[in-house]
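Student: This is the structure I have questions about; it appears just below.
The values are calculated or read from the model by the stated rules, or taken from the named source; none is laboratory data. All figures in this text were calculated on a predicted structure; none of them were measured in a lab. With ideal geometry, Cβ positions are generated from the backbone for all residues, glycine too; neighbour counts draw on all protein chains shown.
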Amino acid sequence: MLKFFEHILTIAQHERMMLYRTARFWILAGAGIAVVLFFIVAPTLAVIIDSTPPAEFFIKGADVYLALLFFGFMQVILIIFVAAHFHKAEASARLDQVMLSRPVTTLALVLGKYFGVVSAVLLVNILLIAMAMTGRLFKAYFAGAGLSLTPALVYFIIVTVPAVLFMTALVFFLISLLRSQVVAILLPLGYSAAVFFWLQFDYLGLFDFSASFTPLFTSDIIGFGDIRDVLLQRLFFLFLAGFMLFAAVVRYPRLHQSRLLQRLSAVLAGVFLLAALIPAGTLISDHVQHSAWREKALAANRQALDKPQVAVSHYEFDLRFARAGSPLQASVAMRVENRTAVPFSELIFSLNPALQVTAVQSAARGELAFEHEFNLLTIDYGALLHPGARDTLTVQYNGTIDADAFLLDRLPELDGKIRKKNGPWIKGDLSAWLSRDAGVLPHESGWYPIPGPASGFDHTRRRPHTFATAGMSVRGPADVQFISQGDIVHTGTSGGEQVIRFESAKPVPGFSINYGPYRRLAWQFDAAEVELYLLQEHMPDLELFSEVADTCRQVIDEILVTLEATTGIAYPWQRLSFVEVPLQMQVWPTASGINNVLLQPGVVMIDELRILKRRMDKQIEKRRKIERRRGRDDSAARIKRDVFIRTVLELLFPKDFWVDGTLNSPLKNYLHFQLDIRDPLLYRALEMQFYEQSQLRLWDTFFPDRRGQGISGNDRMRQLDSEWAFRNLYAVSIDSVISLLTRVPLRAISPREHGKLYFATVDFKAPPVLKMLRERVGEKAWRKMAVELTTQHRGKNVNAQTLLDVLQPMTDEDLSGFFDDWFGSTVFPGYQLTHASAVKVKTGSLKTAYQVRVRVRNGEKGDGFVRLRLRTRNDTIWRNLALGSYEEKEVLISLYDKPRDVTVVPYFSRNRGQLRRTIDIASTISRAALQDTAYTIIPSAADSLVFVLDDQDEGFFTAAAEEARYLRPPVRGKVWALRTHAMAFGKYFYGWHVKRGQSGDYPARWETRVPKTGYYQLSYYLPVGRSWYTRNPGPITLYIETARGREKTVLHPQVTADNWQPVGRFYFEKDRTAVVEISDAGQGYVVVDALRWEYVE
């Protein structure tokens, strides 16, 4: 036996030495090492030098993760081309007969060669790990990044080793089976390409042999999280490698040296195959069983929806964490009451199915029978609980939390709201976590009994809140911080454990628990005590702001005051806690809306990556350079103040509209956590409306000269001029949203039927509808409404009609049917900015006044509401304007500052891009009185003889990319591109077609029929100098098909007051098609936007 292993080791050493002497090995390995070295050095330099590298670079396991991930792609090629020569190499060196004639068994020969190749590749991986850890040391020294060897060892063991063993065994098996080196190379290459470009982690990851798409990125708080399924997947490839290896021994092209070993090899191949089927079968079986379990659990929850439910007014929690054999031990006493009009004996609660209930007791009736099936705890009270009757129930249970078992309404076909695949980083998904060192238990996870079913709701109703007071006694490890609702009334230690008690005197809609090795920072403000719980190694260098500490406190206080002013409601809790949570935490879309577990009453959970992204020293340095370059105040106090403000606002109210800022905003504490809003549409509309209003006010308050002043981030999104941003946030196209809203009322759109489009359409339409309502009733009435809701309806069910009933006495506006018009119909206005001019007015003083005249048209059926933003040389003026169906209004605005341009900002519309025009100021001086008013314009009969053809209208044609790509020769780069721009002409889509001038083979053209025979004055829309494309336009050649034949004219664009370039007068007949063709011949860019036709005679 010793001789057998000696043969294996000798052959392995010989094989490894032969590999090290080949150029092929070092070329492929060197290329892989060079690529990985770049991805190690570049991130290290980025962390040391750059102010805002990806936050993932600061996670302890990031360097090894990157090194092994990128080398994983390269080592596949290395193994395939190296291992495929394991039989041919001796033949080429004429050593094959020598080797085959040696007294070495086939088993020892193949195993020796196999382990020779494997050990050579693994040594390269170990070298890369050492290089990655060296880079980590530099990050730790220069940037204070955390350092740990544990992720490196785990990645090597569960990722690299199975991948190398599997791919090497696969090549050996194919060589022995097919006896063709070419096929043995092509098949693994094809399989690898299919995994990398197509299969990835589909089919439970059973094809992802290299774990390149397996969610294994580690957290500094909880490590890898729950990787049970990942371990099963890696065992599958490990055992499959054993099967293929011993199958290669059986099929190896050599006379048998030992029948016993040959049979042993066949037996071992069968054993490993069966062993591989066990983890694979477990994964598949678990997936099938869990899917079936979810369906049954969801059906059970739906059956319980219409049953009378008990109410809980007070909880008394006795909790013990991290006890031997059970992460959580709990005894929960509940003060229950029948608030319905009917008696019942079956008490239904929701409780996580991974928790084991041991006893249920009643203060009045003693021990009670119960059944804990799925996520429902059904208690048999043993007698009728009559209306108004009360009792105290005590439930004892222990166990852990099943993070997948409580979101039964989750839509499995939709991704979570937090992107988990960001470049090479692939993170897992968790909605709850419970371990010895850290815990994240939102109330939605069912860690304590909550009355009624937790699932089975749809787009017409949300799960009701349970408002209750509570006392919570917690025992747990002494080295962690516990965070929950209520005041901390006692802290201490007992038996080496930490003892802490929370008390909530004010009813709370849900109770959550967070704990971990956090460092606590706290500041007392007038509104509340603000707490910050972060890992010590993630704590930003707050000492940098010591000299502006008072200013920073004033900033936080100003934010709290602004939130109260925006909502009209005082912050309801004593504490506001911001808690760092693992990067795996996810927010899922459900059948009744977004289930945001990161927001709990008085607690805001923030992903650790968002904390790590903030490097205060680098941001201060970067901001100082920017301000110095702009010639602004770059004093240390001002720079640090600005950096502090930006950091806070970017965490809580990011201005970018391609991210959902509501996920970490504390705003739900003001209204949503005081009311029981069961209408998902109204719930999201109020959340978004308050968020957008607060975001706008905060950014405009602290940065009044910022770009986009006066418009929230989501208002910019609703301008529909950024297809990329819209797709990034909702994964749907703008056209799909517009098409759906024109066909289906918002109330009829559901997550189950329309999927991603539901969330896009709700965010697109519902918040601006509430903004319109807010503007109609006025700011004072709106805030008064919010106060009355939280006082008169606190803890009660509030719907859209309740909101209107509260608002109606506060305004003269008729609000009846408001939500039916906007949520229950397909009203979808579209606006046009038809006129913008100004005239100087003599006022009798030395100051010059201006009378601005602006016309706006609603081109669709249904009422509309817009804001006008008039920019002057030194100021910005806002006006609200209501428009009826197909109505056009003229707005007169008087001012004493020179006007520049006017922008129409719709609350909700089908317009694409901004509606903006430069104001044409007449050279004459008027003596008329200044006016500030708005009135309806009555269109004249002659308007039909003046019309405009836009590049979005029917009858406009270009060589489209979809058509041109099939032409031969290829026409890449020769087609017209569509670009949105605020200065473009349009009915609802503000954009133009543009392309580089070339040979003239790909023209654009309009075809139309005039309403009346005669001469028409044609004008070409081109805002010269208003865009990069129109900065220096060259001559534009037009070919016009008139009633008298084809005519050619050359247009030399110039700057005009209204951006219309006169083309000429041409004769057209009513019954004959008129064609205007724009040639793409010439230099520079050719822009095609709109053509105006004016009947002359």
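Student: Tell me whether the range 402-414 contains one or more residues that are among the basic types (Lys, Arg) and surrounded by 16 or more Cβ atoms within 10 Å (Cβ to Cβ).
Tutor: Step one: list which residues in the range 402-414 are among the basic types (Lys, Arg), which gives 410.
Adding the requirement that they be surrounded by 16 or more Cβ atoms within 10 Å (Cβ to Cβ) leaves 410.
Taking every residue of the range 402-414 in turn, at least one turns out to be among the basic types (Lys, Arg) and surrounded by 16 or more Cβ atoms within 10 Å (Cβ to Cβ).
Student: Follow-up. Does Leu393 satisfy the condition of being touching a Pro at 6+ places or on another chain (Cβ under 8 Å) and assigned to a strand (DSSP E or B)?
Tutor: Taking the combined requirement at face value, the residue does not satisfy it.
Student: If you go through the range 557-567 one residue at a time, do you hit one that is surrounded by fewer than 20 Cβ atoms within 10 Å (Cβ to Cβ), out of contact with any strand residue (DSSP E or B) (no Cβ under 9 Å at 6 or more places or on another chain) and farther than 22 Å from Lys640 by Cβ? Give the derivation first.
Tutor: Let us first name the residues in the range 557-567 that are surrounded by fewer than 20 Cβ atoms within 10 Å (Cβ to Cβ), namely 557-558, 560-562, 564-565.
Going one step further and asking which of them are out of contact with any strand residue (DSSP E or B) (no Cβ under 9 Å at 6 or more places or on another chain), we end up with 557-558, 561-562, 564-565.
Cutting the leftovers down to farther than 22 Å from Lys640 by Cβ gives us 564-565.
Checked against the condition, which is being surrounded by fewer than 20 Cβ atoms within 10 Å (Cβ to Cβ), out of contact with any strand residue (DSSP E or B) (no Cβ under 9 Å at 6 or more places or on another chain) and farther than 22 Å from Lys640 by Cβ, the range 557-567 yields at least one hit.
Student: Does Arg21 satisfy the condition of being modelled with pLDDT of 75 or more, basic (Lys, Arg) and exposed (fewer than 15 other Cβ atoms within 10 Å of the Cβ)? Before you say what the answer is, go through the steps one by one.
Tutor: Details: modelled with pLDDT of 75 or more: yes; basic (Lys, Arg): yes; exposed (fewer than 15 other Cβ atoms within 10 Å of the Cβ): yes.
So Arg21 fits the description; yes.
Student: For residues in the range 676-713 being buried (at least 23 other Cβ atoms within 10 Å of the Cβ) and assigned to a loop (DSSP other than H, G, I, E, B), which is modelled with the lowest pLDDT?
Tutor: Ser712
Student: If I filter the range 1011-1032 for residues that are surrounded by fewer than 18 Cβ atoms within 10 Å (Cβ to Cβ), within 18 Å of Leu949 (Cβ to Cβ) and charged (D, E, K, R), do I get at least one hit?
Tutor: Checked the range 1011-1032: at least one residue is surrounded by fewer than 18 Cβ atoms within 10 Å (Cβ to Cβ), within 18 Å of Leu949 (Cβ to Cβ) and charged (D, E, K, R).
Student: Mind listing just one residue for me: the one in the range 419-429 that is buried (at least 21 other Cβ atoms within 10 Å of the Cβ) and not basic (Lys, Arg) and, of those, nearest to Phe321 (Cα to Cα)?
Tutor: Step by step, filter the range 419-429, then rank; the result is Gly428.
Student: So, one more: Do we find that Gly116 is surrounded by fewer than 22 Cβ atoms within 10 Å (Cβ to Cβ), more than 24 Å from Leu216 (Cβ to Cβ) and modelled with pLDDT of 85 or more in this structure? Lay out the reasoning, then the answer.
Tutor: On the way: surrounded by fewer than 22 Cβ atoms within 10 Å (Cβ to Cβ): no; more than 24 Å from Leu216 (Cβ to Cβ): yes; modelled with pLDDT of 85 or more: yes.
Taking the combined requirement at face value, the residue does not satisfy it.
Student: For the list (1) free of Cβ contacts under 8 Å to residues at least 40 places away in the same chain; (2) over 30 Å from Thr790 (Cβ atoms), I need the number of the one condition that Phe644 fails.
Tutor: If we test Phe644 against (1) free of Cβ contacts under 8 Å to residues at least 40 places away in the same chain; (2) over 30 Å from Thr790 (Cβ atoms), just (1) comes out false.
Student: Please find, among Leu807, Leu895, the residue that is over 34 Å from the mean Cα position of the chain (by Cα) and under 30 Å from Arg463 (Cα atoms).
Tutor: Details: Leu895 fails: under 30 Å from Arg463 (Cα atoms).
Unique residue meeting the criteria: Leu807.
Student: With (1) crowded, with 17+ Cβ neighbours inside 10 Å; (2) at positive phi as the list, and Ile450 as the residue in question, which single condition is left unmet?
Tutor: Going through (1) crowded, with 17+ Cβ neighbours inside 10 Å; (2) at positive phi one by one, Ile450 breaks only (2).
Student: Further question: Farther than 30 Å from Ile937 by Cα and modelled with pLDDT of 90 or more - does that describe any residue in the range 766-776? Don't jump to the end; show me each part of the working.
Tutor: Going residue by residue through the range 766-776, those that are farther than 30 Å from Ile937 by Cα are none.
For the range 766-776, residues farther than 30 Å from Ile937 by Cα and modelled with pLDDT of 90 or more: absent.
Student: So Val395 ticks every box in (1) in contact with an Asp or Glu (Cβ under 9 Å, 6 or more places away or on another chain); (2) within 16 Å of Ile348 (Cα to Cα); (3) among the β-branched types (Val, Ile, Thr) but one. Which box is left unticked?
Tutor: Exception for Val395: condition (1).
Student: If you take the residues of the range 1051-1097 that are of a type in the set (S, T, N, Q) and either within 47 Å of the chain's Cα centre (by Cα) or closer than 27 Å to Asn1032 by Cα (or both), which of them is surrounded by the most Cβ atoms within 10 Å (Cβ to Cβ)?
Tutor: In the first step, residues of the range 1051-1097 are kept if they are of a type in the set (S, T, N, Q); the result is 1054, 1056, 1059, 1061, 1073, 1079, 1083.
Still in the running and either within 47 Å of the chain's Cα centre (by Cα) or closer than 27 Å to Asn1032 by Cα (or both): 1054, 1056, 1059, 1061, 1079, 1083.
Working: Gln1054: 11, Thr1056: 15, Asn1059: 24, Gln1061: 21, Ser1079: 22, Gln1083: 11.
Only one residue fits best here, namely Asn1059.
Student: Additional query: Conditions first: (1) in contact with a Pro (Cβ under 8 Å, 6 or more places away or on another chain); (2) at pLDDT below 95; (3) surrounded by fewer than 20 Cβ atoms within 10 Å (Cβ to Cβ). Thr469 passes all but one, so which condition is the exception?
Tutor: Every listed condition holds for Thr469 apart from (2).
Student: Looking only at the range 230-241, decide whether some residue is under 30 Å from the mean Cα position of the chain (by Cα) and of a type outside the set (A, V, I, L, M).
Tutor: If we filter the range 230-241 for residues that are under 30 Å from the mean Cα position of the chain (by Cα), which is where we start, we get 230-234.
Remaining after also requiring of a type outside the set (A, V, I, L, M): 233-234.
Yes: the range 230-241 contains one or more residues that are under 30 Å from the mean Cα position of the chain (by Cα) and of a type outside the set (A, V, I, L, M).
Student: For a quick check of your reading of the model, give me the residue pairs whose first member lies in the range 143-155 and is at pLDDT 80 or above, whose second is acidic (Asp, Glu) and part of a loop (DSSP other than H, G, I, E, B), with beta-carbon atoms closer than 9 Å and at least 6 apart or on different chains.
Tutor: Listed by first residue and then by second, the contacts come to Ser148/Asp220.
Student: To continue, here is another question. Return the residue satisfying two criteria in turn: it lies in the range 322-377 and is of a type in the set (Gly, Ala, Ser) and free of Cβ contacts under 8 Å to residues at least 12 places away in the same chain, and of such residues it is nearest to Asn301 (Cα to Cα). First the steps, then the outcome.
Tutor: We begin by selecting, within the range 322-377, every residue of a type in the set (Gly, Ala, Ser); these are 322, 324-326, 330-331, 333, 341, 345, 350, 354, 359, 362-364, 366, 369.
Keeping just the survivors that are free of Cβ contacts under 8 Å to residues at least 12 places away in the same chain gives 324-325, 366.
Values: Ala324: 33, Gly325: 30, Gly366: 27 Å.
So, considering only residues that are of a type in the set (Gly, Ala, Ser) and free of Cβ contacts under 8 Å to residues at least 12 places away in the same chain, the one nearest to Asn301 (Cα to Cα) is Gly366.
Student: Next question, about the same structure. Look through the range 119-176, keep the residues that are in a helix (DSSP H, G or I) and polar (S, T, N, Q), and return whichever of them is farthest from Tyr191 (Cα to Cα). Show your work before the answer.
Tutor: Here is the first cut: in the range 119-176, the ones in a helix (DSSP H, G or I) are 119-143, 150-176.
Those still in the list that are polar (S, T, N, Q) too: 119, 125, 134, 150, 160, 168, 176.
Details: Ser119: 23, Asn125: 22, Thr134: 34, Thr150: 31, Thr160: 18, Thr168: 14, Ser176: 18 Å.
The residue in question is Thr134.
Student: Quickly run through the range 1-38 and pick out the residues that are within 30 Å of Phe138 (Cα to Cα) and free of Cβ contacts under 8 Å to residues at least 40 places away in the same chain.
Tutor: Answer for the range 1-38, where residues must be within 30 Å of Phe138 (Cα to Cα) and free of Cβ contacts under 8 Å to residues at least 40 places away in the same chain: Trp26, Ile27, Gly30, Ala34, Val35, Phe38.
Student: Moving to a separate point now. For the subset of the range 710-749 comprising residues that are small (Gly, Ala, Ser) and within 20 Å of the chain's Cα centre (by Cα), which member is nearest to Trp658 (Cα to Cα)?
Tutor: Taking the range 710-749 and keeping what is small (Gly, Ala, Ser), we get 710, 712-713, 722, 725, 731, 733, 736, 739, 748.
Now narrow it down to the ones that are within 20 Å of the chain's Cα centre (by Cα): 712-713, 722, 725, 731, 733, 736.
Values: Ser712: 12, Gly713: 8, Ser722: 10, Ala725: 5, Ala731: 11, Ser733: 13, Ser736: 17 Å.
Selected residue: Ala725.
Student: I need the full set of residues from the range 56-72 which are under 23 Å from the mean Cα position of the chain (by Cα) and of a type in the set (Asp, Glu), in order please.
Tutor: Residue satisfying the conditions is Glu56 alone.
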